[in-house]
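Student: This is the structure, below, for whatever I ask next.
A short reminder: the numbers here are calculations on the coordinates, not readings from a lab. It should be emphasised that the depicted structure is a prediction, and the values quoted were computed from it without experimental measurement. Glycine gets a Cβ as well: all are built from the backbone with ideal geometry, and neighbour counts include every protein chain shown.
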Amino acid sequence: MTVMMMVLVAWSVLVVDRPARADDSVSDEQMRRVIREIEGSQNARQAGEAYASVARLAPKHVELRDVYMRKLVALGASEAAATPARALTKLDPTNGLAWALTSCANAKRKKLALAFKGAVMAANLLGSDANVMNNIGQMAAWRDNEPDVKGLDAKTLADFEKSREAWAARKSFKQGYDRIQGGYEHHRELITEAEAAVEEKKEQIKDLEDSLRENKKEIVLSRERIKDLEAEIRIIRSRYLRTGAPRVPRGGGGVGISSIASAEAKELQAEQEHMGELLREKKQLRAQGKKRVKEWRAAKRNIDVVKRDKRKAFREAKAEFALKPPVRDGETDTPDETDKDEPDDPEKVSTDETAEDEADD
């Protein structure tokens, strides 16, 4: 849509939003002339200019808005068509195209409760249209996976449940449903992976804690062994001193020293070296433990990120909501239809964000 067209659409919205003055009126002849101008327009700009010339003077004229909406769709300006469509859902609730267009616009703006209502209404009114069935299939998957969403009125839910079984028999419904369902399943897989990463870190921390406990036990045993060896060496030294035998050096060895004393001294030295290794291992285990705890906390935070970032998961699964306006060439969707590709041409729809919002928006 060109910049000029966007400005024109926004202007026409503001015009429609203004209340008509009591003395404002449009003759039948003038209205017929404007409608013919809209129908004969070569582009959306011409149609918008003709529409805006009388829109404020006839704020409740259903035919004017219906002709303008359908012309915009025919010209490929479905986004702009959402503006008169929104008004028509209030002026003429039986207009299936209007409900379909507003549903598409609200889906693109992520206002899915409103999109759901529009999709249900459109499906009840244009149930043979392939795109409309695809749309309600997408919204059905959303409803199944988001049962606690607020903003869904009881009548819409009742209409949905009443017709769902019949809709589900249609190919396009299944395609739309499976597409969005795939996105939800992909999101759940990402959450499962994130939770598994947390559990993996917890197991690693547990293994390190077990190793640290074993290390502490070995340190205690080594200290006790060192004490025993030191006591034995002291006893040997005291015996040699009492008998006048040569004195045993602290490091062991030396001329005239007993082979027993020498062996004890060597064992003491080996145990002291072992103690040094245990203390170094303890330091390493503590460092690894701190690292794993940090990783575990990061993994826990990642779960929250994954849960929040559902849109990213949907993009990865190529399952973003992409509701489409009814098929232009009249292609229908019937139960047990043969396989064929969905139409390539119909575009995704959004609404001009400067436009009037629905009362329950």
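Student: If I ask for residues that are surrounded by 13 or more Cβ atoms within 10 Å (Cβ to Cβ) and either within 29 Å of LYS227 (Cβ to Cβ) or in contact with a Phe, Trp or Tyr (Cβ under 7 Å, 6 or more places away or on another chain) (or both), which ones from the range 287-303 would you list?
Tutor: Across the range 287-303, the qualifying residue is only GLY289.
Student: Separate question: Show the residue pairs meeting these rules: Cβ distance below 8 Å; 6+ apart or different chains; first residue within the range 304-317 and free of Cβ contacts under 8 Å to residues at least 12 places away in the same chain; second residue not in a helix (DSSP H, G or I).
Tutor: From residues that are free of Cβ contacts under 8 Å to residues at least 12 places away in the same chain, the pairs are ARG311/GLU320.
Student: If you don't mind, there's one more thing I want to ask. What helices (runs of 4 or more DSSP H), lying completely within the range 42-113, carry at least 3 residues that are in contact (Cβ under 8 Å) with a residue 12 or more places away in the chain and among the small types (Gly, Ala, Ser)?
Tutor: Per the criteria, 44-55, 78-91, 96-108.
Student: Regarding the range 231-244, can at least one residue be identified that is more than 30 Å from ILE136 (Cβ to Cβ) and outside any helix (DSSP H, G or I)?
Tutor: Within the range 231-244, one or more residues are more than 30 Å from ILE136 (Cβ to Cβ) and outside any helix (DSSP H, G or I).
Student: With (1) of a type in the set (Lys, Arg); (2) surrounded by 15 or more Cβ atoms within 10 Å (Cβ to Cβ); (3) free of Cβ contacts under 8 Å to residues at least 60 places away in the same chain as the list, and ARG223 as the residue in question, which single condition is left unmet?
Tutor: Of the numbered conditions (1) of a type in the set (Lys, Arg); (2) surrounded by 15 or more Cβ atoms within 10 Å (Cβ to Cβ); (3) free of Cβ contacts under 8 Å to residues at least 60 places away in the same chain, the odd one out for ARG223 is (2).
Student: Sticking with this one: Test of understanding: among GLU189, GLU199, which residue is under 14 Å from the mean Cα position of the chain (by Cα), surrounded by fewer than 16 Cβ atoms within 10 Å (Cβ to Cβ) and free of Cβ contacts under 8 Å to residues at least 60 places away in the same chain?
Tutor: Answer to the selection: GLU189.
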